[in-house]
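Below is one structure, written out as structure tokens, with a few remarks after it.
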Amino acid sequence: MNAKAEKVIKALKSRNFDAYYFDDCEDAAQKIISLVPKEHQVSWGGSKTLTELGIQEKLAAAGYNLLDRDKAASPEERLEIMRRALLCDTYLTGTNAISEDGWLVNIDGNGNRAAAMIYGPKQVIIAAGINKVAKNHKDALCRARNIAAPLNIKRFPNLQPPCSKNGKCADCLSPDTICSFFVSTRFCKPAGRIKIVLIGKTLGF
């Protein structure tokens, strides 16, 4: 474990998060799967990191009960699946940033991902590449606004806030903004509900 990862894992544990570190993506993916009881209903928020790790495919292949909004037949059904995900057993997601002293920082457009992280699902499992680590809470927020959000908006070509054109946060009030909710998580309660798998690779935004 490199020095930065060791520092982050120690800080996260001091804040009641369960935290794990892996150099290898496949080892990290297997750990994530192992943390999900087979009887759990599972859902997730939009996360390039989860996609890069192949988590959804691994869960499907293993026969888990999945709430997958991308399988919805209509916008109305998609919204209903997203609502039901707030009461699933295990919720999987990424994070926009982690400070070296153990804060999680996330920006959300609709609020479903942030809401599930805060309350609802029995457990939340977060996968994060080492690139998500920032020096402190201020830098973590800066990373979320100026790196994660401008890259994330590229997934939605129909949305055109200022950052989609110049890659910089303009603190905009555009109807197309995906920066509606800013959530900083400084402590995990109840203890261990949020589990973080940190990976020594560049993953996600």
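The values are calculated or read from the model by the stated rules, or taken from the named source; none is laboratory data. Here the structure is a predicted model, which is why all the values come from computation and not from measurement. Heads up, the Cβs are rebuilt from the backbone with ideal geometry, glycines too, and the neighbour counts pull from every protein chain shown. Quick note on the areas: whole protein, heavy atoms, side chains included, nothing else; ligands and nucleic acids left out. Shrake-Rupley method; radii C 1.70, N 1.55, O 1.52, S 1.80 Å.
Summary of computed values
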| read-out | value |
| --- | --- |
| Selection from ILE196, LEU151, PRO175 lying farthest towards where the dipole of the range 72-205 points positive, charges on Cβ | ILE196 |
| Within the range 8-71, trypsin sites (Lys or Arg not before Pro) in DSSP loop having at most 14 other beta-carbon neighbours inside 10 Å | LYS38 |
| Dipole magnitude of the chain about its Cα centre (Cβ charges: Lys, Arg +1; Asp, Glu -1), debye to nearest 20 | 540 |
| Cα centroid of the range 83-109 to Cα centroid of the range 174-205, whole Å | 4 |
| Proximal lysines relative to LYS168, as straight alpha-carbon distance under 16 Å, when same-chain residues fewer than 8 apart are discounted | LYS154 |
| Protection proxy ranking, peptides 168-176, 122-130, 109-117, average beta carbon neighbours within 10 Å, highest first | 122-130, 109-117, 168-176 |
| Convex hull volume per residue in cubic angstrom - Cα atoms of the range 143-194 | 101 |
| Entries in LYS31/LYS71; LYS7/LYS138; LYS7/LYS135; LYS4/LYS122; LYS58/LYS195 that, when Cα-Cα distance is taken, lie over 21 Å | LYS31/LYS71; LYS4/LYS122 |
| Volume of the Cα convex hull of the range 83-205, divided per residue and given in Å³ | 103 |
| Average accessible area per residue (Å²) across the range 54-123 - probe 1.4 Å, nucleic acids and ligands excluded | 46 |
| With every protein chain in place, the chain: carbon and sulfur % of accessible area (1.4 Å) | 53 |
| Nearest-20 debye value, the range 1-59 charge dipole, Cβ charges on Lys, Arg, Asp, Glu | 360 |
| Summed side-chain charge close to LYS168 - residues other than LYS168 whose Cβ falls under 14 Å, Lys, Arg +1, Asp, Glu -1 | +3 |
| Spatially proximal aspartates and glutamates relative to LYS165 (Cα-Cα < 19 Å; intrachain offsets below 8 disregarded) | ASP176 |
